[in-house]
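The values are calculated or read from the model by the stated rules, or taken from the named source; none is laboratory data. Everything numeric in this text was worked out from a predicted model, so none of it was measured. FYI the Cβ positions are ideal-geometry reconstructions off the backbone, even for glycines, and counts take in every protein chain you see. Heavy atoms of the whole protein, side chains included, go into the accessibility calculation; ligands, DNA and RNA do not. Shrake-Rupley method; radii C 1.70, N 1.55, O 1.52, S 1.80 Å.
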Amino acid sequence: MSKDEAIPILVIEDQALNRKVVRIVLQSKGYKVIEASDATEALFCLKTTNPALILMDIALPGTSGEDLTRQIKTDPNWSEIPIIALTAAAMSGDRERLLNAGCDDYLSKPIDTRFLLERVAHHLKGHKNDD
């Protein structure tokens, strides 16, 4: 798959090292990675690109990933984009809270890269990059 045909994934993560790890893993499988470090950058990316999937850090500076997820899911232009929450918070009830906020899946940090790729593939199953 050429770079122009690669399925775009928006990675919203404030930690540069975490973004780099996710970028390397996704690019190794041919995905196009778009990066944002906070909610403002993420909203700009959503307005200027058309990601097939969002990987959302929950502990973002300013607007939290949980609040940003709610905002994205209420916008009809973006509401169908699957969102996978990435969080170091593994407290009882976190998974349910994030799913209720609109996340489609949940992965705890540190990220198991094989499981990340499995969940990404699951949520992109049947995705066609026609545009």
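Given contacts defined as C-alpha pairs under 8 Å and at least six residues apart, what's the relative contact order of the chain, whole-number percent?
Details: 195 pairs, mean separation 29.3, N = 131.
Answer for the chain is 22 percent.
Considering only protein heavy atoms, what is the solvent-accessible area of Cys45 at a probe of 1.4 Å, reported in Å² to the nearest 10?
20
Cβ under 13 Å from Ser108's Cβ, Ser108 left aside: what net charge do those residues give with Lys, Arg +1 and Asp, Glu -1? Provide the component values of the computation, followed by the final result.
Working: positive: Arg95, Lys109, Arg119; negative: Asp57, Asp94, Asp105, Asp112.
Charge balance near Ser108 sits at -1.
Filter the GluC sites (Glu not before Pro) in the stretch 26-93 to those in DSSP coil with at most 11 other Cβ atoms within 10 Å of their Cβ, and list the result. List each step's numbers first, then the result.
Numbers: sites: Glu35, Glu41, Glu66, Glu80; in loops: Glu80.
Hits after loop and neighbour filter: Glu80.
For the stretch 51-130, which trypsin sites (Lys or Arg not before Pro) pass both filters: DSSP loop (anything but H, G, I, E, B) and at most 12 other C-beta atoms within 10 Å? Present the calculation step by step, with values, prior to reporting the outcome.
Details: sites: Arg70, Lys73, Arg95, Arg97, Arg114, Arg119, Lys125, Lys128; in loops: Lys125, Lys128.
Sites meeting the loop and neighbour criteria: Lys125, Lys128.
If we count every other residue with Cβ under 15 angstrom of Asp14's Cβ, Lys/Arg +1 and Asp/Glu -1, where does the sum land? Could the numbers behind the result be given before it?
Working: positive: Arg19, Lys20, Arg23, Lys109; negative: Glu13, Glu35, Asp38, Glu41, Asp57, Glu66, Asp67.
Around Asp14, the charge tally is -3.
Picking from Thr63, Leu26, Pro51, whose Cα lies most toward the positive end of the charge dipole for the stretch 9-81 (charges on Cβ: Lys, Arg +1; Asp, Glu -1)?
Leu26
Take Ile58, Ile111 and sort them by solvent-accessible surface of the protein heavy atoms, 1.4 Å probe, largest at the top. Please list the in-between numbers first.
Details: Ile58 20, Ile111 45 Å².
The residues order as Ile111, Ile58, largest area first.
How many nm separate the modelled label positions at Met91 and His122, each set 7 Å beyond the Cα in the direction of the Cβ?
Between Met91 and His122, the label points sit 2.5 nm apart.
Restricting to the stretch 32-131, compute how many DSSP beta bridges are antiparallel as a %, nearest 5. Walk me through the numbers on the way to the answer.
Values: 0 of 8 bridges.
Just about 0 percent of them are antiparallel.
Counting each DSSP H run of 4 or more residues in the chain as -39500 (n - 2.57), what helix-only mean residue ellipticity at 222 nm follows after dividing by all residues, to the nearest 500 deg cm²/dmol?
Details: 5 runs with 53 residues, N = 131.
Helix-only estimate at 222 nm: -12000 deg cm²/dmol.
Give me the net charge of His123's neighbourhood, meaning all other residues with Cβ under 13 Å from the Cβ of His123; Lys, Arg count +1, Asp, Glu -1.
Values: positive: Arg119, Lys125; negative: Glu80, Asp104, Asp105, Glu118.
Charge balance in the 13 Å sphere: -2.
Please state the Cα pair-distance histogram of the chain with 5 angstrom bins from zero: what percent is in each bin?
Per 5 Å bin, starting at 0, the Cα pair percentages come out as 2, 11, 23, 26, 22, 12, 4, 1, 0.
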